Amino acid sequence: MTASRFVMTLLLLAAATAVSACGRKSGLDTPYQAAVDARKEAEKANEPLPPEPEKPVADKPFILDGLI
């Protein structure tokens, strides 16, 4: 029973390591930037253009921002 538990633990660790390595390593895109990029790619591919994205409003500070 000890050998099977050891093998199962190794398999779970290997799976967790493989899953944690997925994704791209860079900063996050804001929804506005993603919409701008989608519009540029649609122009290049001669596809129908998505609606023009609206500029984001200025971020107002919140009372609990200091805790973060």
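The values are calculated or read from the model by the stated rules, or taken from the named source; none is laboratory data. Only a predicted model underlies this, so the values are computations on that prediction, with no experimental measurement involved. Every residue, glycine as well, gets a Cβ built from its backbone with ideal geometry; the counts of neighbours run over all protein chains shown.
Worth a mention:
- For Val36, the criteria (1) assigned to a helix (DSSP H, G or I); (2) loosely packed, with under 10 Cβ neighbours inside 10 Å; (3) among the β-branched types (Val, Ile, Thr) hold in every case but one, which is (2).
- Of all residues in the range 1-34 being β-branched (Val, Ile, Thr) and at pLDDT below 85, the one that is farthest from Pro50 (Cα to Cα): Thr17
- Scanning the range 8-40 for residues that are in contact with an Asp or Glu (Cβ under 8 Å, 6 or more places away or on another chain) and free of Cβ contacts under 8 Å to residues at least 12 places away in the same chain yields Asp29, Asp37.
- Taken over the range 52-68, residues that are exposed (fewer than 10 other Cβ atoms within 10 Å of the Cβ) and either in a helix (DSSP H, G or I) or touching a residue at least 12 places away in the same chain (Cβ under 8 Å) (or both) amount to 6.
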